[in-house]
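Remarks on the structure that follows.
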Amino acid sequence: MLQVCAELFPLLKTGGLADVCGALPSALAAHGCDVRVLMPAFPSIRSGVADAAPLVPAFALPADTALLQGTLADGTRVYLIDAAMYRHGSNPYVGADGLPHADSHRRFALLGRIAAQLAEGLDPGWRPDVVHGHDWHAGLAPSYLRAASARHACRTFVNFAAPGSLTTIATNRGAS
């Protein structure tokens, strides 16, 4: 199973989602599941995966993007998307001004795209049977996956009070 998320305790936490995403991989591994996690390489996440190293992908990634792989303290294997848009700010969703990042729609579209590519064999050594996207920021993963194949995907939402919206973010910030 590939777990797709934007935050994971103890590396980056803005709310309860990080707790769920931090606990689920080891809980499923205890039942024999091979669970790996895909996240953007936000600064606190990147610094928390000391052994992160470039993965040589089976096919091309978007320009100026690298896929790293490493291991969390509990032994969970992780993939980190290393792209310039993830390297600023301490909050994955909003800037210091409290507004969504102007490039949020691109940030999380890339997360979904790389998730689907992993399901299609981007890592030559592993391919998930299921892609599990957590919350709105991973919401495009099943759509990209469905467009490419019939592989299985599921979505979970932790906080319906803050559902997020890529369209609203792009419109409010004047992004295209």
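The values are calculated or read from the model by the stated rules, or taken from the named source; none is laboratory data. What you are looking at is a predicted structure, and each value in this text was computed from that prediction instead of being measured. Counting neighbours? That spans all protein chains shown, and the Cβs are built from the backbone with ideal geometry, glycine included.
Cβ-Cβ under 9 Å, sequence separation 6+ or interchain: first residue in region 64-78 and touching a residue at least 40 places away in the same chain (Cβ under 8 Å), partner surrounded by 14 or more Cβ atoms within 10 Å (Cβ to Cβ) and aromatic (F, W, Y). Which pairs?
From residues that are touching a residue at least 40 places away in the same chain (Cβ under 8 Å), the pairs are L67/Y79; Q69/Y79; R77/W126.
Within the set of pairs 6 or more residues apart or between chains, which connect a residue that is under 17 Å from Y93 (Cβ atoms) inside region 132-150 to a residue that is surrounded by fewer than 21 Cβ atoms within 10 Å (Cβ to Cβ) with Cβ atoms less than 6 Å apart?
Close Cβ pairs satisfying both conditions: G133/R155; H134/T156; D135/F157; D135/V158; W136/P163; W136/G164; L140/A109.
Among (1) touching a helix residue (DSSP H, G or I) at 6+ places or on another chain (Cβ under 9 Å); (2) surrounded by 13 or more Cβ atoms within 10 Å (Cβ to Cβ); (3) within 24 Å of G15 (Cα to Cα), where does T65 come up short?
(3)
Taking G164, is it touching a helix residue (DSSP H, G or I) at 6+ places or on another chain (Cβ under 6 Å) and either crowded, with 21+ Cβ neighbours inside 10 Å or modelled with pLDDT under 90 (or both)?
yes
From the list A18, A58, which residue is assigned to a loop (DSSP other than H, G, I, E, B) and surrounded by 14 or more Cβ atoms within 10 Å (Cβ to Cβ)?
On inspection, the qualifying residue turns out to be A58.
So R107 fits all but one of (1) within 25 Å of A27 (Cα to Cα); (2) surrounded by 15 or more Cβ atoms within 10 Å (Cβ to Cβ); what number is the exception?
Condition (1) is where R107 drops out.
With of a type in the set (D, E), more than 21 Å from C21 (Cβ to Cβ), surrounded by fewer than 18 Cβ atoms within 10 Å (Cβ to Cβ) and at pLDDT 90 or above as the only criterion, which of D97, D74 stands out?
Being of a type in the set (D, E), more than 21 Å from C21 (Cβ to Cβ), surrounded by fewer than 18 Cβ atoms within 10 Å (Cβ to Cβ) and at pLDDT 90 or above holds for just one of D97, D74, which is D97.
Could you please give the count of residues in region 25-55 that are more than 13 Å from the chain's Cα centre (by Cα), aliphatic (A, V, I, L, M) and part of a helix (DSSP H, G or I)?
Residues meeting the conditions: 3.
How many residues, within region 93-109, are under 11 Å from the mean Cα position of the chain (by Cα) and in a loop (DSSP other than H, G, I, E, B)?
0
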